[in-house]
Amino acid sequence: MASYSYVAVDRYGKEKKGSIDATTPDRAQSTLKAEGLIPVKITEQNLLNKDLNLGGKGVKNREMAVFCRQMVSIINAGVPIVDALGMLEEQVENKNFKKAIGEVKANVSKGETLGNSMRMRSDIFPTMMVNMVDAGEASGSIDVSLDRMATQFEKDAHLTSLVKKAMVYPIVVLVVAVVVCIVLLVYVVPTFMEMFEDMDIDMPKITLMVMGASEWMKSYWYILLGIIALLVVGFRFFKASHTGTVFFATLAIKIPAVKNFTIKSASSRLARTLSTLTAAGLSMIEALDITAKTMGNYLFRQAVIEAREEVKKGVPLSEPLKRSGLFPPMVIHMTKIGEETGDMESMLTKMADYYDDEVEIATQALLSAMEPVIILLLAGVAGIIIGAVIAPMGAMYSGLDNI
């Protein structure tokens, strides 16, 4: 089953945007029509256009968390929901979010429920949040539902920041290293080489190699830029393809330094999302369906989708999770205990708290492992360039000694 982004028009002629899961584009179109929408555009999501941010298009998880926290405080103070939405609309700075809150307020004023009003702006308010609000309105505890969603958004924002921290650091360092090397080869090395050219000495091979690289870069820099551009574009297209998605997802659980981080972050997201949704009263099948969309790694996402199909047949969740071979024993055992005791929500919450801490530890371990590797790589490149500059000096001094 794939995820599709859609643009549709409702019966009032108003444009709606969102995402939907379906086996084919035609099935997605049929589902939208059944919901009273007229599809205008349906596009399959991939790694380039899929947004894993729970807060919807253009809205950060932290903004959603603040919105939920403030809604809880205002509602508990006895303020009607319409007035609460009006107060939040005035203070929100994000234009897309402000507009969506205004539309939700207008629909609630007309008699719509808060959940249905949010559902009309599914491009901003995620399915998980809408379901939680529906459950809160049905049980008369909307403040509890919003409080749980605030926690969910905060935890997800924290997890996302850890992922970015682990990925951005080596990328930034490598980019800086490439820029430094280019500057050395284009500007610094030629200055030294001009000095050595006037001397009657035999240039060492390493110096000749660096000189050749410097001359080539100065003369054919546009070819280098073209090669880099082609590599970047090719990498992005490959990563967006199904083959590339599977390749990088598999790579993430094969590389020792990254494996631990990938597995623990996936386990944390699984436990936290399932805990939030089951607490709202959703069935395990519905909860797994939504949870699968939040899994960043393709292999884990497919494992959750397959687990959902097994649960539909009456199989306990712990069994398909175990058969996937992706989740650690702790996840399997705690899920099984939750099934046996009938207290799945509590077990999932404890598991989520445990893996939240483990992800932080794994992030620090990953960064600690990357630092020496990056330092050695930079030292090797810089060492070659410095060696190319120093080697002729050694040859020159040797020549002076022989005089």
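The values are calculated or read from the model by the stated rules, or taken from the named source; none is laboratory data. Because the structure is a prediction, the values reported are computed rather than measured. Cβ coordinates were reconstructed from backbone atoms using ideal geometry, including for glycine residues, and neighbour counts include every protein chain displayed. Accessible surface areas use protein heavy atoms only, side chains included; no ligands, DNA or RNA. Shrake-Rupley method; radii C 1.70, N 1.55, O 1.52, S 1.80 Å.
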Where K313, K239, K41 fall by accessible area, highest first, once all protein chains stay in place (1.4 Å): K313, K41, K239
Relative contact order %, the chain, counting alpha carbon pairs below 8 Å whose residues are six or more apart: 15 percent
Estimated distance in nm for a label pair at E319 and L225, the labels positioned 7 Å out from Cα along Cα-to-Cβ: 6.1 nm
Order of exposure, largest accessible area first, which applies to R301, R62 with probe 1.4 Å: R62, R301
Identified option (computed Cα extents along the principal axes in Å; candidates (1) 99, 49, 46; (2) 58, 52, 40; (3) 83, 79, 39): (1)
Kyte-Doolittle mean at least 0.0 and Cα axial length at least 20 Å: DSSP H helices in the chain: 61-76, 142-183, 205-219, 221-240, 256-279, 344-401
At R0 = 41 Å, FRET efficiency that the Cβ-Cβ distance of S283 and E93 yields, to 0.05: 0.65
Share of carbon and sulfur in the accessible heavy-atom surface of the range 136-191 [1.4 Å probe, %]: 75 percent
Approximate spin-label separation K205-T243, in nm, with each point projected 7 Å along Cα-to-Cβ: 3.8 nm
Simple label model, 7 Å out from Cα along Cβ direction - F235 to I75, nm: 4.5 nm
Accessible area in square angstrom per residue, the chain, 1.4 angstrom probe: 53 Å²
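Quick check: at a probe of 1.4 Å, how many percent of the accessible area of the range 199-306 sits on carbon and sulfur atoms?
Working: 3810 of 5620 Å².
After summing per-atom areas, the C and S share lands at 68 percent.
How high is the FRET efficiency between M167 and D26 when r is their beta carbon distance and R₀ equals 45 Å, given to the nearest 0.05?
Rounded to the nearest 0.05, the efficiency is 0.80.
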Cβ-Cβ FRET estimate between L251 and V82, R0 fixed at 41 Å, reported to 0.05: 0.25
